[in-house]
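*Asks:* Before we start, here is the structure in question, set down as structure tokens.
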Amino acid sequence: MNKKFITIVTLIAIAALSRFLPFQSNFSPMGAIALFSGAFIANRYLAVALPLIALFISDIFIGLYGAGMIPVYTCTALFSVIGIFVTNKNNPLSILGSSLLGSIIFYLVTNFTFVYSADNMLYPHSFAGVFQSYFAALPFFKSSVQSDILFTILLFGAYYLLKINIPFLKEEKI
């Protein structure tokens with residue numbers, strides 16, 4: 001098996017294991033994992049599938065959450081797609097900007113879909129309800145942004161440090 005692929009999968013697995021740590025709500029490595037996967041795995045299907053597999057495996061242990069999984073998994077896949085485009089501008093600002101973009105998309109999509117879901121008993125099924133949900137979810141959005149940026153820095157930084165010290169990691173994508 002390709003050593004570079006094993007390195008990337010190992011970094012993803014280590015980051016995914018942090019989902020089991022007692023962080024605050026919405027503090028998760030999954031957005032950063034998906035961004036990283038999209039940036040460094042050339043096979044686009046695998047770049048999208050790998051973070052979804054990691055998310056599903058960890059959700060099995062943490063707890064599945066019904067219909068709410070659909071927007072979460074969709075946004076995770078979108079994070080990977082954003083990562084695919086990051087590699088064209090592989091610099092710290094585009095990476096962090098991409099992380100922030102993914103966080104914003106996740107926040108907007110998951111709160112919007114929650115308001116219009118059958119599980120929602122908190123907000124009216126209207127634009128007023130959507131805005132109430134967005135406002136109420138600001139602390140969770142803050143946690144998401146913090147974790148996405150932190151884990152993005154950790155994953156991309158760790159890979160960069162490994163890449164400058166290990167010859168077989170010099171190529172951009174596997």
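*Asks:* Please verify whether residue 18 is touching a residue at least 12 places away in the same chain (Cβ under 8 Å) and more than 21 Å from residue 157 (Cβ to Cβ), treating the condition exactly as stated.
*Replies:* Working: touching a residue at least 12 places away in the same chain (Cβ under 8 Å): yes; more than 21 Å from residue 157 (Cβ to Cβ): no.
Considered against the rule, which asks whether it is touching a residue at least 12 places away in the same chain (Cβ under 8 Å) and more than 21 Å from residue 157 (Cβ to Cβ), residue 18 comes out as no.
*Asks:* Suppose we filter region 95-109 for residues that are free of Cβ contacts under 8 Å to residues at least 40 places away in the same chain and over 23 Å from residue 130 (Cα atoms); how many remain? Spell out how you get there, then give the answer.
*Replies:* Here is the first cut: in region 95-109, the ones free of Cβ contacts under 8 Å to residues at least 40 places away in the same chain are 97, 101, 104-105, 107-109.
Keeping just the survivors that are over 23 Å from residue 130 (Cα atoms) gives 97.
Looking only at that region, the number is 1.
*Asks:* Check off (1) more than 22 Å from residue 23 (Cβ to Cβ); (2) within 18 Å of the chain's Cα centre (by Cα) for residue 143 and give me the number that stays unchecked.
*Replies:* (1)
*Asks:* For region 22-40, check the following and say yes or no: at least one residue is aromatic (Phe, Trp, Tyr) and without any contact (Cβ under 8 Å) to a residue 60 or more places away in the chain.
*Replies:* no
*Asks:* Being assigned to a helix (DSSP H, G or I) and in contact with a helix residue (DSSP H, G or I) (Cβ under 6 Å, 6 or more places away or on another chain) is the filter here, so list the residues in region 130-157 that pass it.
*Replies:* Kept after step one, since they are assigned to a helix (DSSP H, G or I), are these residues of region 130-157: 130-136, 138-157.
Within region 130-157, 130, 133, 134, 141, 144, 145, 148, 149, 151, 152, 155, 156 qualify.
Throughout, read-outs are computed from the coordinates displayed, never taken from laboratory work. Fair warning: this is a prediction, and the values are worked out from it, not measured in the lab. Quick reminder, even Gly has a Cβ in these numbers, built from the backbone with ideal geometry, and neighbours come from all protein chains shown.
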